[in-house]
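The structure appears below as structure tokens.
The values are calculated or read from the model by the stated rules, or taken from the named source; none is laboratory data. For clarity, every value in this text was computed on a predicted model and none was experimentally measured. Note that we place each Cβ from the backbone using ideal geometry, even for glycine, and neighbour counts take in every protein chain shown. Remember, those area values only see protein heavy atoms, side chains included, never the ligands or the DNA or RNA. Shrake-Rupley method; radii C 1.70, N 1.55, O 1.52, S 1.80 Å.
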Amino acid sequence: MPAFTQKEYRERNNRLRHQMADCGIDALLVLNESNMNYLTGYEGYSDYVPQLALVCQDEEDPWLILREIDTLNATPTSYLSESRILSYPEKYIGSSERTPWEPISDLVKERAKSSSIGIEMGAKILGMKSYAALANNLDLSKAVDADGMVTTLQRVKSQAELAYIEQAGKIADRALQAGRLEIAVGARECDVAAAVQSALLKGTPEFPGGPCYGAPTMPVGSPATAPHLKWSDATYKMGCQTNFEFGAFRHRYACALARTVFLGEPSARAKHLHRAAVDGFLAEFDAIRPGAKCSDVSHAFKRAFEPYGVRKESRSGYSIGIDWNADLSFQPDDHTVIEPNMTFHVLVGIYEKEDGYIFSETVRVTEKGAKSFSNMPRDILVNY
């Protein structure tokens, strides 16, 4: 069944139509499955084939246009009636002579009343050939790049959304502890990863975990310096460190968490990196409050972190929500004003040739400041 009420989905679509009106858009092609999910509840995990939600300015509910077999995903998960779930035939899949964009464009053309169309141009399913096929049968002379339009609506979370992220936070804490307990001399990296993954899926006795958007990141080394590596075929040796970063999910809402775990006594340099990371994190945490700008949070981090003399060029956090979507960043040039009930992954990742460390938590913005979804200790983590 849908993760939210019909009322909440319709409120989201109503806000979107107001944005469309402001931009002069009569019909919007929503191609990112995360955004399709936000507007309709659709849980397809099917965005390796063409699909979209069509939002029309003068209609209360969107249309879903899907591969025929994927309509069976939409019926139980979206709030839409079956009459608003459309499909194209299976013969268009896996064919070098036919493209699904042809029947899709026909279905759009029947419902879009003008050529004032917005399109999520950056969607991964809309490559150059796909756009050309769509344009071959649909008037895109007045098409507008609508990337970010739906994502902007997702920045401020409802109480129901926050509840899912809070549940995911409890799952993330359990998964980190499960992975840490598996780290020992001779343990296989894959078994540590399996413990994390199992905990993410099992969830808690009160609520299960959802499908994970991406496998856990956990580079292992002495030090571990790579940002996005997974596990390897290797076994653990004394002196290794593991940089855990992953998200737990509830109804596609992500709560991210990252920690570095040492096997054996950390070096003096590793302890220095830990202090730098935690002090930088706490400075960000204290700076996150309604009315502040994302750039203010970035500057607070730099003031606390840079005296440690550690190089870090990557951003120090970003907004988070469905499928780990991020459109705001803690960077000097992001001047977006922070609002209550926004959620951020406050991430201090150090990825240099000689230095590697990671520390993060997902936080909610309250009227008084930031509140973490994690109860993990912030001390340096060491297994002996």
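Condition check ((1) crowded, with 21+ Cβ neighbours inside 10 Å; (2) among the acidic types (Asp, Glu); (3) modelled with pLDDT of 95 or more) across all residues:
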| site | (1), (2), (3) |
| --- | --- |
| Tyr213 | no, no, no |
| Gly221 | no, no, yes |
| Pro227 | no, no, no |
| Ser232 | no, no, yes |
| Thr235 | no, no, yes |
| Gln241 | yes, no, yes |
| Phe246 | yes, no, yes |
| Arg250 | yes, no, yes |
Q) Which of the residues that make up segment 208-267 are of a type in the set (Lys, Arg) and farther than 26 Å from Gln167 by Cα? A) Lys237
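Got a sec? Which helices (runs of 4 or more DSSP H) wholly within segment 1-90 have at least 3 residues that are open to solvent by 20 Å² or more (accessible area, probe 1.4 Å) and farther than 20 Å from Glu110 by Cβ?
The qualifying helices (runs of 4 or more DSSP H) are 6-22, 71-77.
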Q | In segment 254-290, the residues that are within 24 Å of the chain's Cα centre (by Cα) and in a loop (DSSP other than H, G, I, E, B) | A | Ile288, Arg289, Pro290
Q) Which members of segment 297-317 meet the condition of being open to solvent by 20 Å² or more (accessible area, probe 1.4 Å) and either closer than 29 Å to Gln167 by Cα or touching a Leu at 6+ places or on another chain (Cβ under 6 Å) (or both)? A) Ser314, Arg315
Q | Subset of segment 96-123 [in contact (Cβ under 8 Å) with a residue 24 or more places away in the chain, in contact with a helix residue (DSSP H, G or I) (Cβ under 9 Å, 6 or more places away or on another chain), part of a loop (DSSP other than H, G, I, E, B) and open to solvent by 40 Å² or more (accessible area, probe 1.4 Å)] | A | Thr99, Met121
Q: Answer yes or no: is there a residue in segment 176-192 that is under 20 Å from the mean Cα position of the chain (by Cα), free of Cβ contacts under 8 Å to residues at least 24 places away in the same chain, within 22 Å of Val261 (Cα to Cα) and assigned to a helix (DSSP H, G or I).
A: no
Q: Filter segment 278-296 down to residues that are surrounded by 21 or more Cβ atoms within 10 Å (Cβ to Cβ) and not aromatic (Phe, Trp, Tyr), then give me how many there are.
A: 5
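A quick yes/no check of all residues on (1) closer than 26 Å to Tyr213 by Cβ; (2) of a type in the set (A, V, I, L, M):
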residue	(1), (2)
Met36	yes, yes
Glu43	yes, no
Glu68	yes, no
Thr77	yes, no
Glu102	no, no
Q.
For a quick check of your reading of the model, give me the residue pairs whose first member lies in segment 299-328 and is farther than 21 Å from Gly169 by Cβ, whose second is surrounded by fewer than 21 Cβ atoms within 10 Å (Cβ to Cβ) and of a type in the set (A, V, I, L, M), with beta-carbon atoms closer than 8 Å and at least 6 apart or on different chains.
A. Ala300/Ala283; Phe301/Ala283; Arg303/Ala283; Ala304/Leu282; Ala304/Ala283; Phe305/Ala283
Q) Do we find that Ile93 is in contact with a strand residue (DSSP E or B) (Cβ under 9 Å, 6 or more places away or on another chain), over 30 Å from Ala370 (Cα atoms) and either small (Gly, Ala, Ser) or buried (at least 19 other Cβ atoms within 10 Å of the Cβ) (or both) in this structure? A) no
